[in-house]
Protein chains: 4
Amino acid sequence: MRKLKVAMIGGGGAVSFFGRVHLRAVSLDGTREVVAGALRSQPEASLEAAKEWGIEGFPDYHSMIAAWQAGKLELDYAVVTTPNHMHFAPALACVEAGLPVLCEKPMTMTVDEARQLARRVKAKRLPFVLAHTYTGHPMMMLAREMVARGDVGEVRKVEAWYTQGWLATPLEEGGQKQASWRTDPKRTGISNCGGDIGTHAFMAATWVTGQPVKKVSARLNTFVAGRKLDDDFNVMAELKNGGTALITATQIAIGYKNDNGFRVFGTKGSLEWHQEEAERLLVRRGDHDETYWLGGGMPFFPASVGSYLRVPAGHHEDFFEALANLHTTMERHIRRRRGEKVADPFPHPGVDEGVAGMAFVAAAVASSRQRGAWVKV
Amino acid sequence: MRKLKVAMIGGGGAVSFFGRVHLRAVSLDGTREVVAGALRSQPEASLEAAKEWGIEGFPDYHSMIAAWQAGKLELDYAVVTTPNHMHFAPALACVEAGLPVLCEKPMTMTVDEARQLARRVKAKRLPFVLAHTYTGHPMMMLAREMVARGDVGEVRKVEAWYTQGWLATPLEEGGQKQASWRTDPKRTGISNCGGDIGTHAFMAATWVTGQPVKKVSARLNTFVAGRKLDDDFNVMAELKNGGTALITATQIAIGYKNDNGFRVFGTKGSLEWHQEEAERLLVRRGDHDETYWLGGGMPFFPASVGSYLRVPAGHHEDFFEALANLHTTMERHIRRRRGEKVADPFPHPGVDEGVAGMAFVAAAVASSRQRGAWVKV
Amino acid sequence: MRKLKVAMIGGGGAVSFFGRVHLRAVSLDGTREVVAGALRSQPEASLEAAKEWGIEGFPDYHSMIAAWQAGKLELDYAVVTTPNHMHFAPALACVEAGLPVLCEKPMTMTVDEARQLARRVKAKRLPFVLAHTYTGHPMMMLAREMVARGDVGEVRKVEAWYTQGWLATPLEEGGQKQASWRTDPKRTGISNCGGDIGTHAFMAATWVTGQPVKKVSARLNTFVAGRKLDDDFNVMAELKNGGTALITATQIAIGYKNDNGFRVFGTKGSLEWHQEEAERLLVRRGDHDETYWLGGGMPFFPASVGSYLRVPAGHHEDFFEALANLHTTMERHIRRRRGEKVADPFPHPGVDEGVAGMAFVAAAVASSRQRGAWVKV
Amino acid sequence: MRKLKVAMIGGGGAVSFFGRVHLRAVSLDGTREVVAGALRSQPEASLEAAKEWGIEGFPDYHSMIAAWQAGKLELDYAVVTTPNHMHFAPALACVEAGLPVLCEKPMTMTVDEARQLARRVKAKRLPFVLAHTYTGHPMMMLAREMVARGDVGEVRKVEAWYTQGWLATPLEEGGQKQASWRTDPKRTGISNCGGDIGTHAFMAATWVTGQPVKKVSARLNTFVAGRKLDDDFNVMAELKNGGTALITATQIAIGYKNDNGFRVFGTKGSLEWHQEEAERLLVRRGDHDETYWLGGGMPFFPASVGSYLRVPAGHHEDFFEALANLHTTMERHIRRRRGEKVADPFPHPGVDEGVAGMAFVAAAVASSRQRGAWVKV
């Protein structure tokens, strides 16, 4: 079987955490490989980084896309993993050139950009996957399927949260890179906490339930003195079906690392998931609790999820495998377009979810500025 | 050591759950005993119930209080555990007569009644304990002490919740007693979910942190068709020190029984507690999590809490012991007034907290009716 | 309803932990009360302690029994909670006089004593309850019922353990009272760790499964230098039905407080319980795990257990309530003998289990001395 | 950076679970790639499988090794992942040819073979890694380092277990492949449960503590009628330092999937780890429990472990990453031999541990046949 050829845009900097993560997610299954990259914004640094990675280097993404269009470079899709404020331009450039994109979140800096990108992706009929990593986790996929097939009945309420503590102190003042760009409006946009992790909570609330958010009432806080953007993000939301969502995120909860999760309460039952204990899904339908553990061969996994599982029950898949599953979804789209027989790609987040996420954060910021007035998304 | 003599007002009905609970909480330590009661609203039923309990019966609380005042009955304090809408009158009657009261929550039906009762209790300088059971749990007491002594620094945010599922269907239509009175505005007042369990979450948020709520923005839902009061209660609150509290409660989360708990995020650390795993308190101050388990002899318990512990580490105390601790607090107040040497009573909730709880629910209901407008408490 | 009158033998010393525990367990339900006691071995101290407790005091248990026989003292049963080496004599004295006994474990110091006591109890047809506290916990009772009614099929294997750490250092050298008598062969007998907590693990293994132990192969260790008795106790056992039991206990596991629990593996399913998370029972019968939580009104509790529950689901009962359940069993036996209508007493451990526990420890000690040779129980 | 070239021996069959697992573990980091394989025992099937994998195929491992020796194939190391009874021959062939080997466990079928292989590996001074997957998990590596640097003091006792339920019924009678070869003495050797998973428990007990097992007393059971080998494995062991180890494994615990774990009790503290909750290590040194979570940047990871971590704290690594870490250890050995600057390889299990594992199982089988007599390892 021919391996898919993947180009990487961004991800080569010393401080880039996600460049290597995507490299691993691409590589994991042995069916895809990173072959080319415009890994950094400076041309020379970009070429150097590519050499270090052992891939074909380009000074910038324009020249890489041009090489592909000229038939000098074989590519199946590109991964955009530049800093947040530089997602839009390369993603759009790839799309205009006809190259499928797996894009880091947030999809863009503004809602307008997001809408523009979505329009072009649809016009070009291209596969597009948004890298909300945890949506690739089998237990989160299972949760979505259980809601979709009616296991919990009509959704009444959903709680989704993302609790971290690493920004409880003014880390950015000491020059810590991750903290610096995240708390800088120029590089991050209108929201730090909401955009960075609130969107993950938003995705859990809406993608798992299939219920879009209609309007929001928000309270954003900045607890660390001198910080220009929010480090705490609290949203009460009304869902399309009239249900309620509580979507919260914080970066000031000392000692909490990545406490992301959700609870769904429906007319027939409840679901609960915690990213830090990702290998299990809690299901409540009656008198006792049910715990579903990750792993292949379990009958409670529908084929749509089961086809993504790599190991039998009891062996767990986690962060890298979840992200790799998003790449698998891209791979399935591409192989299918080529006429190869592959299992169905899962409906992972794409441009529509990207637009929704941007609009959600914008509405939350607007609501918070109006002291919590309800704002339409 | 002479046992304290306790009178019970209410609690004798076949469906009364809390009458027997208080009987056990009074009896547990062997230092207090229930000796008299006006256990039901109908005089004959009241006398009959007392006979069944093996205590001195009275047709109503008036005659019982009168007997005490006349020196015909020895009493140290009364427990008011009548249905919610009948707390105020007997509590006030006891107070006016000079008899200390341990009163079930909610303290009254209206904020005005609560304020009136508080004024009289203070004028009479009487001990008064409000039966928020979980505030008597040693781990919740420890949490309060840790916040008070600065272990987590200044409180920035607190989350408190109470998640139940028993009212996810219209149980009251089938005549289930507990569901019927709780969803009946006449017997319950302006809020079902908020008043019944939202107040527990409120107490966790404010009593543990020592931070009163200044104003609230609320969204109350009624998910079960035909129900007249809220069965879902969501409040965003501003604390006195400018911090934020998320106070939520729901009765429609199928399969959840008594998931009450809180998380406190301060400038130096975090605390987390779950009533369904009450024997442990999670403390986070740095790189690893710390789990504190219940039990005597552990140096992390200050004397103020340690003096309430009944067993060495590893043996757990739970619901009955927590409620008994509130009775112990009442007992210490009374013995101290008599000049006996006893350990310090813990600052468990009293009339002030009762007023605050009533005002909080009233403000939340008002805010929800104004689509979430911020309302002062 | 007339309260049962209870006499206490032992339990009055300053260092006695279990005296007060039994007082609370007797008192909890308001249907029993401690009225008399021979609380200490020294006559004067005994009388003084009784005064402090507010009960009728006796210089020794002989005089107390005599007073009862003479009709000068009303009693329904006695609690024997003297130091371990002094259980036999007072228990036998009560039995000979016809007074039912709830006796602390270990029942006696030797197997012979145990057998003698058992014979007399049976000859007298007296109720006799052995205070293995956790057997009174509703989840452990439920486990026994589930095994008995075939929920897990035929038992193949059972693991039972009790892990503590408080004796990891030579605490007894500093004069700590609890450590001193437990590690002293004169007051404790042939085994410290096995007799003190190994018997709890033994009871979990055998009482829950209904499978007696036929023979054992044991390895006892003394890890703390200078100690005369075992502080670590490991037994491989063959059950009556041919199954295997692993019964282990240790006191040198630093940081572990009361990690007592069991796992039962049958031909149809598995059960798992941990005393430190006593409010839940884990049941595995297929692809997912089931968690059963404590609390009244749950249909998975048979009436035999449900009739012991004091609170609705979600409110937990723990240590004191478990011990109180053993007193409730005694109470039911006694009330039934009086012709009162009461629910069925649960088959909690009695003299037969007491004999079995003594024989088990004796066989384990013998096996260990023979380097693990299989010894019949 | 040049990618290491890896050859795969075995792993290509439709039922082979671990072939694909090693492919992924090799591929994950983008620094190694599988380039060649003799994937099946039948030459034609082998070539076909290689085509499907997109690698260079060989009819058998002999020809593959020959091609490498002839300079026609570039290789850095081989992975042996044939059925258990066919590990020895190809591993030895590689070693004799000078090709480093990462070998699946059990290393061989007999102790003699294991010793022979170990001698040749040492004579050739070749890197050799034994694929005990979980020893590659960072939390298990951390546990080993903590014991080694004295965090828990001298080891007194260790408990290690592996609990599964998939063989609770005679699955092999239905022809299930995994069950068939595992319960077949010809393909599995003298022990099923002990060899398959008891060795993992053994490795946890000895590799984590650094304490070899000196002698064992064992009880092996076969609970499923008609089965020829053990499906339940219980060993009491004496460690080199005089401590005790309880090493148990079972395949008949219905509903248990991969409950592998260990507890270490030392003179200064305790460690506890559960594979099904692999992201955390429990540390007990005093009054409260400490929970260490997986993830980069945490100061409690020494550099020896930290250099293996791929993600910041809160993002978890699991099964594939653990196995990939064993490949990383092999990679570091190889790069270092080539003079490249790499971090230190961790002391993961190699031939010595392979010999010890084989000897342990052989001694356990012998002891069980002698009714638990102590047998030297």
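The values are calculated or read from the model by the stated rules, or taken from the named source; none is laboratory data. Because the structure is predicted, anything quoted here is derived from the model rather than measured. A quick note on method: Cβ atoms are made from the backbone with ideal geometry, for glycine too, and the neighbour counts reach across all protein chains shown. The area values use the complete protein model at the heavy-atom level, side chains included, leaving out ligands, DNA and RNA. Shrake-Rupley method; radii C 1.70, N 1.55, O 1.52, S 1.80 Å.
Hey, among the residues in the range C:1-56 that are polar (S, T, N, Q) and in contact (Cβ under 8 Å) with a residue 12 or more places away in the chain, which one's surrounded by the fewest Cβ atoms within 10 Å (Cβ to Cβ)?
C:S41
Among the candidates D:A148, D:A160, single out the residue that is within 20 Å of D:P347 (Cβ to Cβ) and under 17 Å from the mean Cα position of the chain (by Cα).
D:A160
Could you identify the single residue in D:Y308, D:Y256 that is in contact (Cβ under 8 Å) with a residue 12 or more places away in the chain and within 12 Å of another protein chain (Cβ to nearest Cβ)?
Being in contact (Cβ under 8 Å) with a residue 12 or more places away in the chain and within 12 Å of another protein chain (Cβ to nearest Cβ) holds for just one of D:Y308, D:Y256, which is D:Y256.
D:V79 fails exactly one of the following numbered conditions: (1) within 14 Å of chain A (Cβ to nearest Cβ); (2) open to solvent by 20 Å² or more (accessible area, probe 1.4 Å); (3) of a type in the set (V, I, T). What is the number of that condition?
(2)
Of the numbered conditions (1) at pLDDT 95 or above; (2) at negative phi; (3) touching a Ser or Thr at 6+ places or on another chain (Cβ under 8 Å), A:P106 satisfies every one except a single condition; which is it?
(1)
Residues checked against (1) closer than 28 Å to A:V26 by Cα; (2) in contact with a helix residue (DSSP H, G or I) (Cβ under 6 Å, 6 or more places away or on another chain):
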residue: D:S27; (1), (2): yes, yes
residue: D:E33; (1), (2): yes, no
residue: D:G37; (1), (2): yes, yes
residue: D:R40; (1), (2): yes, yes
residue: D:E44; (1), (2): no, no
residue: D:E56; (1), (2): yes, no
residue: D:S63; (1), (2): no, no
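Can you give me the number of residues within the range A:354-377 that are open to solvent by 30 Å² or more (accessible area, probe 1.4 Å) and outside any helix (DSSP H, G or I)?
Count: 6.
Being within 11 Å of another protein chain (Cβ to nearest Cβ), assigned to a helix (DSSP H, G or I) and under 22 Å from the mean Cα position of the chain (by Cα), is that true of even one residue in the range D:323-342? Explain how you work it out, then say what you get.
Step one: list which residues in the range D:323-342 are within 11 Å of another protein chain (Cβ to nearest Cβ), which gives D:323-324.
From what is left, the residues that are assigned to a helix (DSSP H, G or I) are D:323-324.
Keeping just the survivors that are under 22 Å from the mean Cα position of the chain (by Cα) gives D:323-324.
Yes, the range D:323-342 contains a residue that is within 11 Å of another protein chain (Cβ to nearest Cβ), assigned to a helix (DSSP H, G or I) and under 22 Å from the mean Cα position of the chain (by Cα).
State which residue is nearest to the other protein chains (Cβ to nearest Cβ) when the search covers only the range B:228-253 and only residues that are of a type in the set (G, A, S) and touching a Lys or Arg at 6+ places or on another chain (Cβ under 8 Å). Reasoning before the result, please.
Taking the range B:228-253 first, the residues of a type in the set (G, A, S) are B:237, B:242-243, B:245, B:249, B:253.
From what is left, the residues that are touching a Lys or Arg at 6+ places or on another chain (Cβ under 8 Å) are B:237, B:243, B:245, B:253.
Details: B:A237: 10, B:G243: 8, B:A245: 10, B:A253: 4 Å.
Top of the filtered list is B:A253.
Anything in the range A:169-181 that is open to solvent by less than 40 Å² (accessible area, probe 1.4 Å) and closer than 13 Å to A:N84 by Cβ? List them, or say none.
A:S180, the sole residue that qualifies.
Suppose we filter the range D:291-337 for residues that are of a type in the set (S, T, N, Q) and either open to solvent by less than 30 Å² (accessible area, probe 1.4 Å) or modelled with pLDDT under 95 (or both); how many remain?
Result for the range D:291-337: 4.
For the range C:148-156, does any single residue satisfy the condition of being within 29 Å of C:R337 (Cα to Cα) and surrounded by fewer than 22 Cβ atoms within 10 Å (Cβ to Cβ)?
yes
If a residue has to be open to solvent by 20 Å² or more (accessible area, probe 1.4 Å) and free of Cβ contacts under 8 Å to residues at least 40 places away in the same chain to count, how many in the range B:98-112 make the cut?
Within the range B:98-112, residues that are open to solvent by 20 Å² or more (accessible area, probe 1.4 Å) and free of Cβ contacts under 8 Å to residues at least 40 places away in the same chain number 2.
When only residues in the range C:5-34 that are more than 19 Å from the chain's Cα centre (by Cα) and more than 11 Å from every other protein chain (Cβ to nearest Cβ) count, which is modelled with the lowest pLDDT? Walk me through how you get there before you give the answer.
Start the filter on the range C:5-34 by keeping residues that are more than 19 Å from the chain's Cα centre (by Cα), which leaves C:5, C:12-15, C:29-34.
Filter once more, so that each one left must be more than 11 Å from every other protein chain (Cβ to nearest Cβ): C:5, C:12-15.
Values: C:K5: 98, C:G12: 90, C:G13: 79, C:A14: 68, C:V15: 63.
If we take residues in the range C:5-34 being more than 19 Å from the chain's Cα centre (by Cα) and more than 11 Å from every other protein chain (Cβ to nearest Cβ), then C:V15 is modelled with the lowest pLDDT.
State whether one or more residues within the range C:278-298 are touching a residue at least 60 places away in the same chain (Cβ under 8 Å), under 16 Å from B:A278 (Cα atoms) and among the small types (G, A, S).
Yes - at least one qualifying residue is present in the range C:278-298.
Suppose we keep only residues that are out of contact with any His (no Cβ under 7 Å at 6 or more places or on another chain) and closer than 18 Å to D:L28 by Cβ within the range D:282-305. Which one would you say is nearest to the other protein chains (Cβ to nearest Cβ)?
Checked the range D:282-305; the qualifying residue nearest to the other protein chains (Cβ to nearest Cβ) is D:G296.
If D:Q176 satisfies every condition in (1) more than 23 Å from D:T135 (Cβ to Cβ); (2) polar (S, T, N, Q); (3) in contact with a strand residue (DSSP E or B) (Cβ under 8 Å, 6 or more places away or on another chain) but one, which is the exception?
(3)
Residues to consider are C:A201, C:A218; find the one that is open to solvent by less than 10 Å² (accessible area, probe 1.4 Å), part of a helix (DSSP H, G or I) and within 14 Å of chain D (Cβ to nearest Cβ).
Exactly one of C:A201, C:A218 is open to solvent by less than 10 Å² (accessible area, probe 1.4 Å), part of a helix (DSSP H, G or I) and within 14 Å of chain D (Cβ to nearest Cβ), namely C:A201.
If you scan the range D:221-257, which residues turn out to be out of contact with any Ser or Thr (no Cβ under 8 Å at 6 or more places or on another chain), under 12 Å from D:Y162 (Cβ atoms) and open to solvent by less than 10 Å² (accessible area, probe 1.4 Å)?
Listed by number, the residues that qualify are D:I247, D:Q251.
I want to confirm something. Restricting to the range B:259-281 and keeping residues that are open to solvent by 10 Å² or more (accessible area, probe 1.4 Å) and closer than 16 Å to A:Q164 by Cβ, which single residue is farthest from the other protein chains (Cβ to nearest Cβ)? Explain how you work it out, then say what you get.
To start, the set of residues in the range B:259-281 that are open to solvent by 10 Å² or more (accessible area, probe 1.4 Å) comprises B:259, B:263, B:267-268, B:272, B:274, B:276-277, B:280.
Among the residues that remain, those that are also closer than 16 Å to A:Q164 by Cβ are: B:263, B:267, B:272.
Numbers: B:R263: 7, B:T267: 7, B:E272: 9 Å.
Top of the filtered list is B:E272.
So for the range D:169-186 (the condition being facing another protein chain (nearest Cβ under 10 Å) and modelled with pLDDT of 95 or more), does at least one residue qualify?
yes
Look through the range A:159-168, keep the residues that are within 11 Å of chain B (Cβ to nearest Cβ) and open to solvent by less than 30 Å² (accessible area, probe 1.4 Å), and return whichever of them is nearest to A:P212 (Cα to Cα).
A:E159
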